[in-house]
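All remarks here apply to the structure that follows.
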Amino acid sequence: MKHNLYIGVVIAPYRVDLCNWLYEKFDCEIYHLYDRDDTAGFNSEAVASLCRFGRLLLPSFAVGSRRIGKGLRRLVRERRPEVVFVSEFSPVTLQVLWIRATSRRKFKVVALCDDSLDMIGGNDFSAVHRLLRRFVPRFVDNLILVNEPVAAWYRERFGKGVCLPILSDERRLRDEMRKALPLCGETAREYDLSGKSVILYVGRLIPLKNVGTLLKATRGMDAKVVIVGDGEMRPQWEELAVRLGVDAVFPGRKSGEELYVWYLLADVLVLPSLQEAFGAVVNEALIAGCPAVVSDRAGAASLIDGTNGAVFDPTSPEELSSCLRKVLSGVPGRRDGALRDSLMCVTFEEAVSTAIERL
């Protein structure tokens, strides 16, 4: 039986490797409130296949759009953890803090928080989160934040905050990408990629993702714009691409090898979001050796170091166009039969080990 506890909301692809690491190297039992989320844009079965831990569900009940955990006090009593990892400033976080305050159990509470500087500056996902940010950090023992500027902000105000970007284990991911290499030739022929730069977007097609700005920025460029994903804005953005004369294709939502092949074929990934806590696709693209041009409102902008892409203002198609042209000018011709060197400046193991040591 594992000793420490991790209590998340739902197992997502960008958290699988961290949960595996905590399970295997930090004596941590992994619990979630949901076993799947069909609205999140990822394949729950594919994610489950990556878990090296037993997938345990914490009993819970709904209060509006929130889930309240059941049996938490008993779980803490039985496990006697030294550390409990919780998600954001959620009801479960508040429950765990209350259990500690009203019992004799002495353990550390560490909250994983995906805030970006843009969110801290007022562009929050919800007013509730903005309110809870004012006092919950005072009661947890530490916070894991997704980039260093955000961690510094929390340290200045609350005296706590450790940086750990949302990263995939590049060893696992590159092994998966190698399996996708045989699909490259067929996919390149199917979408007529020969002789053109390939500009890639991966994500949901909703207003906040701002794909319209990407289409405006690529107007007049000799490039194939590949929009991988689905959502309410797809018809409007397909129509906009036609109206602007942009050579764009919309393959739909992809996962696994069908997604990885696009990282392998792309010359640059673009994350143009108007609001984005992090943006795990940036890490995935960099691991595949694909440079990224990232909105300055996304936490993943912290992964861009000047040699592996660029950061831009997502309200300016002109600035995005300039960044794309600059990055593409330095991209060598694609090698559709090989996996490029990773462009990440830190490995998953280094990042996680360092963060846990600092907690």
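The values are calculated or read from the model by the stated rules, or taken from the named source; none is laboratory data. Predicted, not measured: the structure shown is a model, and the values here were computed from it. With ideal geometry, Cβ positions are generated from the backbone for all residues, glycine too; neighbour counts draw on all protein chains shown. For accessibility, only protein heavy atoms count, side chains too; no ligands or nucleic acids. Shrake-Rupley method; radii C 1.70, N 1.55, O 1.52, S 1.80 Å.
Here are a few things to note about the model shown:
- Flag if Ser255 is touching a residue at least 12 places away in the same chain (Cβ under 8 Å), farther than 30 Å from Arg130 by Cα, in a loop (DSSP other than H, G, I, E, B) and hydroxyl-bearing (Ser, Thr, Tyr): yes
- One residue stands out among those in segment 242-252 that are of a type in the set (A, V, I, L, M, F, W, C) and not in a loop (DSSP other than H, G, I, E, B): the one that is nearest to Gly203 (Cα to Cα), which is Phe250.
- Test: residue in segment 101-109 that is more than 30 Å from Ala223 (Cβ to Cβ), under 24 Å from the mean Cα position of the chain (by Cα), touching a residue at least 12 places away in the same chain (Cβ under 8 Å) and open to solvent by less than 50 Å² (accessible area, probe 1.4 Å): yes
- Output for segment 247-266, where each listed residue is surrounded by fewer than 21 Cβ atoms within 10 Å (Cβ to Cβ) and touching a strand residue (DSSP E or B) at 6+ places or on another chain (Cβ under 6 Å): Asp247, Val249, Phe250, Pro251, Lys254
- Among the residues here, Arg325 does not qualify as basic (Lys, Arg), buried (at least 24 other Cβ atoms within 10 Å of the Cβ) and in contact (Cβ under 8 Å) with a residue 24 or more places away in the chain.
- Matching option when the condition is modelled with pLDDT of 90 or more, over 24 Å from Asn147 (Cβ atoms) and among the aromatic types (Phe, Trp, Tyr), among Phe85, Phe61, Phe89, Phe53: Phe53
- Output for segment 210-236, where each listed residue is surrounded by 19 or more Cβ atoms within 10 Å (Cβ to Cβ) and touching a Phe, Trp or Tyr at 6+ places or on another chain (Cβ under 8 Å): Val211, Leu214, Leu215, Lys224, Val225, Val226, Ile227, Val228, Gly229
Quick grid of which residues meet (1) touching a Phe, Trp or Tyr at 6+ places or on another chain (Cβ under 7 Å); (2) closer than 27 Å to Leu145 by Cβ:
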| site | (1), (2) |
| --- | --- |
| Ala292 | no, yes |
| Arg297 | no, yes |
| Ala301 | no, yes |
| Phe312 | no, yes |
| Ser329 | no, no |
| Leu339 | no, no |
| Leu343 | no, yes |
| Ile356 | yes, yes |
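- Residues located in segment 264-315, provided they are within 12 Å of the chain's Cα centre (by Cα), at pLDDT 95 or above and among the acidic types (Asp, Glu): Glu284
- Cβ-Cβ distances below 6 Å connect no pair with a first residue in segment 1-27 that is over 18 Å from Glu78 (Cβ atoms) and basic (Lys, Arg), a second residue that is buried (at least 19 other Cβ atoms within 10 Å of the Cβ) and modelled with pLDDT of 95 or more, and a separation of six or more residues or different chains.
- Members of segment 202-231 that are part of a loop (DSSP other than H, G, I, E, B) and either among the aromatic types (Phe, Trp, Tyr) or within 21 Å of the chain's Cα centre (by Cα) (or both): Gly203, Arg204, Leu205, Ile206, Asn210, Gly229, Asp230, Gly231
- Residue within segment 47-60 that is assigned to a helix (DSSP H, G or I) and surrounded by 19 or more Cβ atoms within 10 Å (Cβ to Cβ) present: yes
- Extreme residue, most open to solvent (accessible area, probe 1.4 Å), among residues of segment 153-201 that are among the aliphatic types (A, V, I, L, M) and part of a helix (DSSP H, G or I): Leu183
- Among residues of segment 110-137, those that are open to solvent by less than 70 Å² (accessible area, probe 1.4 Å), under 17 Å from the mean Cα position of the chain (by Cα), over 17 Å from Gly8 (Cα atoms) and of a type in the set (A, V, I, L, M), counted: 1
- Any hit, segment 179-196, residues being touching a Lys or Arg at 6+ places or on another chain (Cβ under 6 Å), farther than 19 Å from Gly229 by Cα and not acidic (Asp, Glu): yes
- Any hit, segment 70-91, residues being among the aliphatic types (A, V, I, L, M) and surrounded by fewer than 18 Cβ atoms within 10 Å (Cβ to Cβ): no
- Of Leu286, Leu320, Leu269, all but one fail to be under 25 Å from Asp114 (Cβ atoms), open to solvent by less than 20 Å² (accessible area, probe 1.4 Å), assigned to a strand (DSSP E or B) and among the hydrophobic types (A, V, I, L, M, F, W, C); the exception is Leu269.
- Complete set of residues in segment 138-152 that are touching a residue at least 40 places away in the same chain (Cβ under 8 Å) and open to solvent by less than 40 Å² (accessible area, probe 1.4 Å): Val140, Asn142, Ile144, Val146, Asn147, Val150
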